[in-house]
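Participant: Shown below is the structure under consideration.
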Amino acid sequence: MKLAPFAVLAVLAVAAAAFSAPAPVTKAVAVLQPLGSSGVSGTVTFTKAEGGVKIDARVSGLKQGAHGFHVHEFGDCTAADGTSAGGHFNPAGEPHGGPDDAKRHAGDTGNITAANDGVTTLEYVDSQISFEGPNSVLGRGVIVHANADDFKTQPTGNAGGRLACGVIGAAKAQ
Ligand code: CU
Ligand code: ZN
C-alpha cells in the first residue's frame, strides 16, 4: 500500500507522541526508616497543591515534643547516624530558617510535634519545595531529628541527632 506524504507524517506524529516524555511528577513518597536504635519510622507523602507542595507525614515512635523535620541534600540513608544525607537541602545558598521565612533553606520544612509517643501527623503546604527545577526534592532525603528546630541556629536549627531517614521518590499520580 502507498501512503500519501501527509499520511506518513501523521503516522510519524502518532509514533512520536507514544514515545514522548513521561507525565510530570505530581506525587512523591519517602519511607522513613529508623537510624540506629531510635525506633522512629513513618511515611511522608508530597503532593502538588495550590501554592506549593503539600506534605503529609505520619511518624511513629517519637518522644513527646517538637522534632526538626527537614529535606536534606542527599537521598542517602546508608550511614547509621544519617549523616550521609548531608546538610539541609539549600540550592539557593540561603541561611537556615523556619518554613514561613522568606529566606530559608528550601529543605527547612520545620518541626513535627508529637503529643505523645504514639503516631504523630503533620500536614501543611510548603511554598518552596517542588518536583521540578532547582528546588526539586525528588531523590533528596528526609530527616527527623531528636530535638526541636529553633529556626535560628546556623546552619542546623540545633535540632540534634538524626532519628529517621528516608529517600524521596516519584510516586504514581492519583
Ligand atoms: Cu535536618
Ligand atoms: Zn535549614
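The values are calculated or read from the model by the stated rules, or taken from the named source; none is laboratory data. Every value quoted in this text rests on a predicted model; they were computed, and no experiment measured them. Note that each Cβ is placed from the backbone with ideal geometry, even for glycine, and that neighbours are counted across all protein chains shown.
Participant: Just checking, which of P91, P95 is outside any strand (DSSP E or B), touching a residue at least 40 places away in the same chain (Cβ under 8 Å) and within 18 Å of D149 (Cα to Cα)?
Facilitator: P95
Participant: Moving on. Out of (1) of a type in the set (A, V, I, L, M, F, W, C); (2) under 18 Å from A170 (Cα atoms); (3) crowded, with 23+ Cβ neighbours inside 10 Å, the odd one out for F69 is which?
Facilitator: (2)
Participant: Restricting attention to segment 130-158, and to residues there that are part of a loop (DSSP other than H, G, I, E, B) and crowded, with 23+ Cβ neighbours inside 10 Å, which single residue is farthest from ligand 1 (Cβ to nearest atom)?
Facilitator: Filtering segment 130-158 down to residues part of a loop (DSSP other than H, G, I, E, B) leaves 131-135, 137-140, 146-158.
If we keep only those that are crowded, with 23+ Cβ neighbours inside 10 Å as well, we get 137, 140, 149, 157.
On the way: V137: 13, R140: 11, D149: 7, G157: 7 Å.
Among those that are part of a loop (DSSP other than H, G, I, E, B) and crowded, with 23+ Cβ neighbours inside 10 Å, it is V137.
Participant: Something else: Please find, among D81, D108, D101, D150, the residue that is free of Cβ contacts under 8 Å to residues at least 60 places away in the same chain, more than 30 Å from P24 (Cβ to Cβ) and either within 11 Å of ligand 2 (Cβ to nearest atom) or not small (G, A, S) (or both).
Facilitator: D150
Participant: Here is a follow-up. Checking the condition surrounded by 24 or more Cβ atoms within 10 Å (Cβ to Cβ) and more than 14 Å from ligand 2 (Cβ to nearest atom), which residue from A171, A164 passes?
Facilitator: Checking each option against the conditions leaves just A164.
Participant: Across segment 45-84, what is the number of residues that are in a loop (DSSP other than H, G, I, E, B) and hydrophobic (A, V, I, L, M, F, W, C)?
Facilitator: Going through segment 45-84, the residues in a loop (DSSP other than H, G, I, E, B) turn out to be 50-51, 61-64, 73-82.
Still in the list and also hydrophobic (A, V, I, L, M, F, W, C): 62, 74, 77, 79-80.
Here the count works out to 5.
Participant: Here is a follow-up. Pairs, please: C-beta under 8 Å, at least 6 apart or cross-chain, first residue within 12 Å of A164 (Cα to Cα) and among the aromatic types (F, W, Y) and in segment 62-78, second more than 16 Å from ligand 2 (Cβ to nearest atom) and modelled with pLDDT of 95 or more?
Facilitator: Qualifying pairs under 8 Å: F69/A57; F69/L122.
Participant: Any idea which residue in segment 72-83 is surrounded by the fewest Cβ atoms within 10 Å (Cβ to Cβ), counting only those that are within 18 Å of the chain's Cα centre (by Cα) and away from ligand 1 (no atom under 13 Å from the Cβ)?
Facilitator: Only one residue tops the list, namely T78.
Participant: Hey, does segment 106-114 have a residue that's more than 17 Å from the chain's Cα centre (by Cα), in a loop (DSSP other than H, G, I, E, B) and modelled with pLDDT of 95 or more?
Facilitator: Scanning segment 106-114, I find no residue that is more than 17 Å from the chain's Cα centre (by Cα), in a loop (DSSP other than H, G, I, E, B) and modelled with pLDDT of 95 or more, so the answer is no.
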